[in-house]
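The values are calculated or read from the model by the stated rules, or taken from the named source; none is laboratory data. The structure displayed is predicted, hence computed values, not measured ones. All Cβ positions, glycine included, derive from the backbone under ideal geometry; neighbour counts span all protein chains shown. Note: accessible area is taken over every heavy atom of the protein model, side chains too, but ligands, DNA and RNA are not part of it. Shrake-Rupley method; radii C 1.70, N 1.55, O 1.52, S 1.80 Å.
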There are 2 protein chains.
Amino acid sequence: MEKRTKFLLDEKDIPTKWYNIQADLPQPLPPVLHPGTGKPITPDDLAPLFPMELIKQEVSTERWIEIPEEVRDIYRLWRPTTLFRAHRLEKALGTPAKIFYKYEGTSPPGSHKPNTAVAQAYYNKKEGINRITTETGAGQWGSALSFAGALFDIEIKVYMVAISYHQKPYRRIMMETWGGKCVPSPSPDTNAGRAMLAKDPNCPGSLGLAISEAVEDAATHDDTHYSLGSVLNHVLLHQTIIGLETKKQMEMAGTYPDIIIGCVGGGSNFAGMFLPFIKDKIDGTKPDLRIINVEPTSCPTLTRGPYAYDFGDEAGLTPLLKMNTLGHAFIPAPVHAGGLRYHGMAPIISHLHNLGLVEARAEHQLATFKAGIDFARTEGIISAPETNHAIKTTIDEALKCKETGESKTILLTHSGHGHVDMAAYEAYLAGKLKDHSYPKEKIDEALKDLPKIK
Amino acid sequence: MEKRTKFLLDEKDIPTKWYNIQADLPQPLPPVLHPGTGKPITPDDLAPLFPMELIKQEVSTERWIEIPEEVRDIYRLWRPTTLFRAHRLEKALGTPAKIFYKYEGTSPPGSHKPNTAVAQAYYNKKEGINRITTETGAGQWGSALSFAGALFDIEIKVYMVAISYHQKPYRRIMMETWGGKCVPSPSPDTNAGRAMLAKDPNCPGSLGLAISEAVEDAATHDDTHYSLGSVLNHVLLHQTIIGLETKKQMEMAGTYPDIIIGCVGGGSNFAGMFLPFIKDKIDGTKPDLRIINVEPTSCPTLTRGPYAYDFGDEAGLTPLLKMNTLGHAFIPAPVHAGGLRYHGMAPIISHLHNLGLVEARAEHQLATFKAGIDFARTEGIISAPETNHAIKTTIDEALKCKETGESKTILLTHSGHGHVDMAAYEAYLAGKLKDHSYPKEKIDEALKDLPKIK
C-alpha cells in the first residue's frame, strides 16, 4: 500500500452541520441553575449576554445543526485541516502503533479557537450586535475572537489578565492587528476593575476577575454581548467540525481509532474531536473505544475534582454549572499551558466522565515539554504547551504498544502551534520550569467554597 | 461556476523535479569569479564549504533536477502548500482583478525557507557531514536550517547578528527547540569574532560579520560545511517547488497570471515562484506576463543599484558575484523586514532584470504595514513584514484594475506568517516606525567600494 503522510479533504467537504451530542446522550445533561433561585435558568436569563440562536443551541437536542453558509465561507480560509500520520514519531519511538494527528495550527490565529469564534461572531452580527466583550488569559481566545470580529466588522473588547498582558505581549498585538481592543484586567473601564485597582493598583489580575469585567461591560452596554471561548455546550458544538472532518479522514486512511487523546482546559477542543466518535461508543458500534482527557497536574479538574454544581467564574457571577470542579476559588499554579488553567470542566465532558464513557489523566509540566521537544524534532511542528500534554500521553500509549506488540491506532488532537509561546520553551530549555501538584488539603480547602444548592 | 477559495494538491502531486532556469536562459549567467585571480572559480574552490552535489547544481544547465525521495518525504510534512483566491480582499478593494496567493506560512518554521534547508541538509548528510554552520539576521533562515538539522540528525551552529539575538529571542528559541546551537555574533568562537570583540565588546554585529564567522568555522572544522539561505543558484532551484506547484494550481483555477508579485531580499522565495512561469515568457508562449520584484526603499538593490561584480558578504571573503548591488559596505536602515536587508540580489534575478524580463519596485515601510493590516483584516492572515511588501504592490495593481475596469489575474507570492514578528506590528500600531530612503550620495559612497576586476 502507498505510504501516506497526510489525508486531505477538499473545501467542498467542509461539514455542513455540527453534531450535537445532546441528541444521543444516554442520560440528559443536568440543568444549569440560577444562583439566586436554585431553579433552572431560562433563555430570558441569558438574553442580555448571548444571541438567541446560541442560547437555543445551548439546550437543543437536535442531532444536527446547520452551519450557516457565511460561517463555512470563513472556515474555507483554513479548513478542512490536515490529518497527518506521524510516521517519523512512530519510527523514533520504535512502536508498532499507528499515530495520527489532526492539526489545527494552520488557522490564522494558530489554534482551534476560531472554529467557534467565527460562529459566535456571525450569530451576534445577525442579531444586530456590533460589539462583543470577552476575557482572555494567555490570549489564544482573545486573538481568535478579534480575528472573527475583523471579518464580521464587530468591535471586540478583550479584558486580558494583567500579568499576561504585560508578560506575553505577542497575542495582545495580534488582537490589535485584527482591530481588537485589549486592556489589562483589572481595568479602569468597569466597576469591578476600578474596585480592585483601588484596593491594589498593582493587582496581577485573574481569569475570574476578567470574566467579571467582560460580563459587566456587556450587561451595561445596549449593543454589546459577551462571548465565552470554551466550557459551554454551544462552544463544544461548534468545535465538532474537528471530529467530523477527522472521521472522514480516518476512513480515507482505512482505519478507526482505538484511543483518542487530547488536552483539556475548558474542554472544547478535545470534545470537538471526540464527540462525533463517542456516538459510536454510546450506540454500541465501537464499545472498546478509549477517550483520554489530559489535564495538567497543576489543575487536575477531572482527576481530582468532584462532580458538583459550581460557578463558571471566580467572582461567582455566572449561573451554576454541574461539572467537575476544583472550586471557583482555586488558583492553579502559573504553568505555561495557560489554556488549561481553568478550575472547571465543560459540563458535557464532566457528564460523560461521570457516566464512565471517557477517561482522564494528569501530566506533569516538565514531561510535557520533553514530549513537545521530541515531537518538534521528529514531526517538525513546535506545539503549544497545552498540546504538549496530549503528546505526552500519546507517546506513553505508543510505548505501551511497543511493550505489548499491539498495533493500535492512536488519534492525537493537536490544538495548535507554539510560535507565540517560545518564552515557555526557553524557560524549559534553561531548566527554569518546575512541576506543580497539590496536597489533598489544598484542594479540599478550595472546595469548601462550592455553592450550596437551595 | 462553483466559488472556490482554495486549490489543493495531494501529496502525490509534490513535484518530483526542481526546475533549473539555466537550461532556458536566453544568455548564460556570467561566471562567478575568484576574488584573488579574477578568474572563474572551480568546483574545487567551493568543496571545503559545500557538498559536491550542490556545487554541481550551482552550475548545471540540466532543465530538470530530480528531488531525492528523502527530501520529498520531509516536504510531505507541509507540502503541497495551498493556493488561495483572495475573495475577501478583492471585495474590500472593490476590484475586478482576481487575486491569488500561494501561502508558505504553514511550514513548521512558518516560511518558505525549509524548502531549501531540507535539501541542503540532505545533500550534506549524504556526503557524511554531521555539522553545518550558517548565519542568520532576524532568524528565519537559522530556524529553518535547525528544523532540517533535527530531521537529518545534523548539528547546526547558527551565528546570529547580536542585536537580533538579544532583541528578537523567539526565533532563537525555535532554533534551540529543534536542537540548533545559536550564538550572538560577534562570538568568542572564531578569530573574526574575537577580533571584533577585542575592538568593541558591545558590537551589535552585522550579517557580513556573521557570514565571516560561519565561513571561518566551517573552513577550520573537518566535518563541517557552510550553508546559505538565499542568493545562490542552487537555493533558487530548490525554491522552484513553489512555482511548480502553483502552475498546477492555477490550471485547477482555470487561469494564468497576468502579473506575478513577490518580495525580494536575496530573492530565493520570489524566484522560486516565478522561474517556472518566466520560462513561458522566454519561449514566447506568454509574452505579456509581468513579474514584479518588490524591495524596501531602505535597501533598493534592483531599483537603484548597478549590475556589477561584488562580494556576497560585507567582509569581502566570498567569491565575486555579478549582481545588482548597493555595495557590500552598504548597511541598510534597521527596518523590520529583516529578510530584505541584503546589499545584493540573486545573480539569476539580476541577470533576468538586466535582460528586461522582470521589473522591480521599491515600497516604503509604513505603507507595507498598512497593506499587511488590510490583508489581516480581510484574508485573516497576519503576514511577515517581508511579505507585506508584496501585498502592498498587489493592492496597488488591483486598484489600477479598478480604475481601468480590467479583470487581471494577479498572483501574490506569500512567504510566511508574522506570528514571530509581532513586535514590528506593535511598533507600527504605536506610530513608532519610520520610512527610510537614501540620497544619491549615500548610495554612491557605498558603491565606491565595489571590487575592481583584474
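Segment A:1-36 to segment A:191-225: how many Å between their Cα centroids? That distance is 33 Å. Going from the isolated chain to the complete set of protein chains, segment A:1-35 loses at least 50 Å² of heavy-atom accessible area (1.4 Å probe) at A:5, A:6, A:8, A:11. Between segment A:241-293 and segment B:133-187, the C-alpha centres lie 38 angstrom from each other. Buried on complex formation within segment B:88-108 (loss of at least 20 square angstrom of accessible surface versus the isolated chain, 1.4 Å probe, ligands and nucleic acids ignored): B:88, B:106, B:108.
Put a dot 7 Å past the Cα of residue B:435, heading toward its Cβ, do the same for residue B:16, and the two dots end up 5.1 nm apart.
Relative contact order for segment A:118-177: 40 percent, from Cα pairs under 8 Å spaced at least 6 residues apart, divided by residue count. Of the listed residues B:290, A:131, A:377, the order by accessible area with a 1.4 Å probe, largest first, is A:377, B:290, A:131.
Mean sequence separation of contacting Cα pairs (under 8 Å, at least six apart), scaled by the length of chain A, corresponds to a relative contact order of 19 percent. The 1.4 Å probe gives accessible areas that order B:59, A:183, largest first, as B:59, A:183. Within segment A:274-431, antiparallel bridges make up roughly 60 percent of the DSSP beta bridges whose residues both belong there. For segment B:382-398 versus segment A:368-391, the inter-centroid distance based on Cα atoms is 33 Å. Rounded to the nearest 10 degrees, the angle from helix B:233-252 to the longest Cα principal axis of chain B is 10 degrees. The antiparallel fraction among DSSP beta bridges confined to chain A stands at about 35%. Between copies, the label points of residue B:44, set 7 Å from Cα on the Cα→Cβ line, lie 9.5 nm apart, reported in increasing order to one decimal in nanometres.
Helical runs (DSSP H, four residues minimum) scored at -39500 (n - 2.57) apiece and divided by the length of chain B put the mean residue ellipticity at 222 nm at -12000 deg cm²/dmol.
Express the relative contact order of segment B:242-340 as a whole percentage, based on alpha carbon pairs under 8 Å and six or more residues apart in sequence. Each step should come with its number before you reach the end.
Details: 123 pairs, mean separation 23.2, N = 99.
The normalised contact order for segment B:242-340 reaches 23 percent.
Value of Rg to Rh for segment A:192-236, rounded to two decimals, is 1.07; Kirkwood radius and Rg both from alpha-carbon coordinates.
Taking only protein heavy atoms and a 1.4 Å probe, the accessible area of the protein assembly as shown is 53% carbon and sulfur. Is segment B:283-433 best put as rounded, prolate or oblate by its Cα gyration tensor, with a ≥ b ≥ c the root eigenvalues, rounded for a/c under 1.5, and otherwise prolate when a/b is larger than b/c, oblate when not? Since a/c reaches 1.5 but b/c is at least a/b, the shape of segment B:283-433 is classed as oblate. Straight-line reach from residue A:181: which lysines fall under 17 Å, measuring Cα to Cα and dropping same-chain residues less than 8 apart? In chain and number order, the partners are A:157, A:168. Annotation: extensible slack from residue A:23 through residue A:248 equals 78.9 nm (criterion: 0.36 nm per residue apart, minus Cα-Cα distance). Shape verdict for the protein assembly as shown, please, from the Cα gyration tensor: rounded (a/c under 1.5), prolate (a/b greater than b/c) or oblate. Verdict is prolate for the protein assembly as shown. Residues in chain B average 34 Å² of solvent-accessible surface per residue, probe 1.4 Å, ligands and nucleic acids excluded. The DSSP beta bridges internal to the protein assembly as shown are antiparallel in roughly 35% of cases. Distances between placed amide hydrogens fall under 5 Å for residue A:384 paired with A:416, A:417, A:418, all partners being 5 or more residues away or on another chain.
Could you work out the per residue convex hull volume over the alpha carbons of chain B, in cubic angstrom?
138
For segment A:302-362, the gyration tensor built on C-alpha atoms gives an oblate shape. Its axis ratio a/c (a ≥ b ≥ c) is at least 1.5, and a/b is not larger than b/c.
In segment B:167-246, the inverse of the mean reciprocal separation of distinct Cα atoms equals 14.8 Å; this is its Kirkwood hydrodynamic radius. Copy-to-copy label distances for residue B:23, where each label lies 7 Å from Cα along Cα-to-Cβ, are 5.5 nm in order of increasing length.
Please determine, in degrees from 0 to 90 and to the nearest 10, the orientation of helix B:268-282 with respect to the longest principal axis defined by the Cα atoms of chain B, where the helix direction is its Cα long axis. Result, in degrees: 60. Residues of segment A:421-440 buried by at least 50 Å² of accessible area upon assembly of all protein chains, compared with the chain on its own (1.4 Å probe): A:422, A:426.
Position residue B:91: other-copy label points at 4.4 nm, ordered by increasing distance, label point 7 Å along Cα→C-beta.
For helix A:365-378, report the angle its Cα long axis makes with the longest principal axis of the Cα atoms of chain A; keep it between 0 and 90° and round to the nearest 10°. The angle comes out at about 50 degrees.
Chain B packed on chain A takes about 4500 Å² of accessible surface away from a 1.4 Å probe, both sides summed.
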